[in-house]
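Reading through the structure tokens given below for one structure.
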């Protein structure tokens, strides 16, 4: 398939328009940055939206403490190069303060715990808009998300009472205490994001490319056996494989895929031919059919 | 290649979600893990077929009730095009979602159950697509397998629908009829041998050929200023750029322009897209413009070509589609958001309610309820710069925001 770039261009124009609406309609916006490809794409779009001025809002990373080290290195370098402000809030602090309890056992993850840390940070800084890299193609509950999605004081999503969004018009009017989650790349697919990264020649963390890694197999998925973050039973044997990651969330819920894609063009080709969805390697969505919707109602991104 | 956005409309149980699931399945857009999930759930429920609606009905309540209650966006692509389908609900009470879905779509699929034919809901779906001037409409007559693939049934439904077409305001629509069975996959992506009497294209074949080039191209250039870019750095010390999206037509360097509302004249100096300078900004591109003269421009102002001004007025009349459970009444106040511009508005007069099933109008109206469509005159606290909706899709539409709840409570199309 040889597609021209006009469809990526129209998605880019739409996302830039949304970025500018955020800066204009809100007093304290923030861009939620995870170090993943979607949030890196958001940073690129924000840079383009406000050029030659700097991005008029900070980035914030909700750090689970279970990040791939490559992601953190990458994050710090990006922020420095672009001269941006970075706020980091740690899930570990929420655990230490007794606000959340660490999960234990075979499928333990800090993914759910992020919500509390995020909501506390929103309150601490009085953020009224949080820009995120969620896409409608990721998951079926996300397919119903608006571009401007209003959250109440508790960060909750009232999915049955969402504001209609017509034409290009984004209604950012909110009451004190409410905030809006903004999704500028709502209409992008995983392939669109990769095609954009390729077209714009955007640098991304090395774990997105094929590399040798110590891993173990469980439930037909490949888990990182490095850094000791993922719980591993003794009988689960460690092997070395050539893998890459399609998403880079919390290490404890992000599985790797076998891949020999060492460059962006190879990754784009691999995704085009792939028959497994991106979140197919995310164990947090597999907990139940309604896993994502439940987490979103509670304030998860 | 660009993205083709399609809205779907149909009544409860017309099989919309099944149709979309079928398109995804037959175009091999369903990934193995999603397909496995559908197979597993279909089996658990004891179905002897794959329930493709499971692919799109995203919310728990929907899966429990087996119906679609909110707009879901579905993405797939073929070698030729990328598609975004807005799957909109068919219930009377969710008309607002249908208006929403249709507002961003270039084409619409209206589903009709072959056993039921054209019903009141069909009239409404067609009415809304007509009100929003959606250019391409496919009437998919579904469940043909349940009427023995009867040509006679198909012809009867087609004739009934054609009777509706004479009543529409907007005659520029292209309407195509296709007999399908979403469940069996007849004429959706693949041609069927069950209906040899039908010689037209399959649904996907038709969608592949829709030319969306001029759908948003009507009207003249309008550039609402979204954001003023002032870097205040040494390199860009005096830079004052106006960021926004171009609607309607192109803007080029050297164009004589007028800034509204001040009506100050100037010329376009540069057009930036990031660090590149463009000679021309094409429609729907998000650019930053600088002007030859140092004049005062702020968010909400509009840059237009000299000699090509929109209407500048503190009042207008529009067809309003009401979306809130609290009624719209004469004398009440709302925020009108016209593009990016927000102004306070008062309902000056409600002229009449329009029956969205083409059965006429009500002139004795006290209030406008949810899903009602009415002709309303608004007075504004300051002027806006608008075109008629029929001449300019973006500059002729607006939304209404409740001043207390901040909710989007209605949408309007300026007459």
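Summary table
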{"read-out": "From the options B:227, B:242, residue that is touching a helix residue (DSSP H, G or I) at 6+ places or on another chain (Cβ under 8 Å), at pLDDT 95 or above, within 14 Å of chain A (Cβ to nearest Cβ) and not in a loop (DSSP other than H, G, I, E, B)", "value": "B:227"}
{"read-out": "Test: residue B:236 is within 14 Å of chain A (Cβ to nearest Cβ) and either assigned to a loop (DSSP other than H, G, I, E, B) or within 30 Å of residue B:25 (Cα to Cα) (or both)", "value": "yes"}
{"read-out": "Residue within the range A:25-34 that is in a helix (DSSP H, G or I) and more than 24 Å from residue A:201 (Cβ to Cβ) present", "value": "yes"}
{"read-out": "One residue from B:235, B:208, B:151 being out of contact with any strand residue (DSSP E or B) (no Cβ under 8 Å at 6 or more places or on another chain) and modelled with pLDDT of 95 or more", "value": "B:151"}
{"read-out": "Residue list for the range A:51-72, restricted to those being part of a loop (DSSP other than H, G, I, E, B) and more than 14 Å from chain B (Cβ to nearest Cβ)", "value": "A:58, A:64, A:65, A:66, A:67, A:68"}
{"read-out": "Qualifying positions in the range B:88-114 - part of a loop (DSSP other than H, G, I, E, B), at pLDDT 85 or above and more than 10 Å from chain A (Cβ to nearest Cβ)", "value": "B:105, B:106, B:114"}
{"read-out": "Residue under evaluation residue A:249, criteria (1) under 20 Å from residue A:35 (Cα atoms); (2) out of contact with any helix residue (DSSP H, G or I) (no Cβ under 6 Å at 6 or more places or on another chain); (3) surrounded by fewer than 24 Cβ atoms within 10 Å (Cβ to Cβ), criterion not met", "value": "(3)"}
{"read-out": "Qualifying positions in the range B:389-411 - under 13 Å from the mean Cα position of the chain (by Cα), part of a loop (DSSP other than H, G, I, E, B) and within 7 Å of chain A (Cβ to nearest Cβ)", "value": "B:394"}
{"read-out": "Set B:386, B:358: member being within 17 Å of residue B:334 (Cβ to Cβ) and in contact (Cβ under 8 Å) with a residue 40 or more places away in the chain", "value": "B:386"}
{"read-out": "Unique match (being without any contact (Cβ under 8 Å) to a residue 60 or more places away in the chain, over 25 Å from residue B:259 (Cα atoms) and part of a strand (DSSP E or B)) among B:345, B:374", "value": "B:374"}
{"read-out": "The one condition in (1) within 12 Å of another protein chain (Cβ to nearest Cβ); (2) closer than 27 Å to residue A:48 by Cβ; (3) surrounded by fewer than 20 Cβ atoms within 10 Å (Cβ to Cβ); (4) touching a residue at least 12 places away in the same chain (Cβ under 8 Å) that residue A:206 fails to fulfil", "value": "(1)"}
{"read-out": "Matching strands (runs of 3 or more DSSP E) fully within the range B:255-332 where at least 1 residues are more than 31 Å from the chain's Cα centre (by Cα)", "value": "B:256-260, B:264-273, B:276-278, B:286-291"}
{"read-out": "Those residues of the range A:23-44 which are closer than 26 Å to residue A:74 by Cβ and facing chain B (nearest Cβ under 10 Å), in sequence order", "value": "A:23, A:44"}
{"read-out": "Residue within the range B:351-370 that is closer than 30 Å to residue B:11 by Cα, at pLDDT 95 or above and not in a strand (DSSP E or B) present", "value": "no"}
{"read-out": "Elements of type helices (runs of 4 or more DSSP H) contained in the range B:1-72, each with 3 or more residues being at pLDDT 75 or above", "value": "B:16-26, B:32-44"}
{"read-out": "From the options B:295, B:268, residue that is more than 12 Å from chain A (Cβ to nearest Cβ) and crowded, with 20+ Cβ neighbours inside 10 Å", "value": "B:268"}
{"read-out": "Unique match (being under 23 Å from residue B:414 (Cα atoms), crowded, with 21+ Cβ neighbours inside 10 Å, in contact (Cβ under 8 Å) with a residue 40 or more places away in the chain and within 26 Å of the chain's Cα centre (by Cα)) among B:133, B:124, B:168", "value": "B:124"}
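The values are calculated or read from the model by the stated rules, or taken from the named source; none is laboratory data. All of these numbers come straight from a predicted model, not from anything done at the bench. Glycine also receives a Cβ, built like all others from the backbone with ideal geometry; neighbour counts cover every protein chain displayed.
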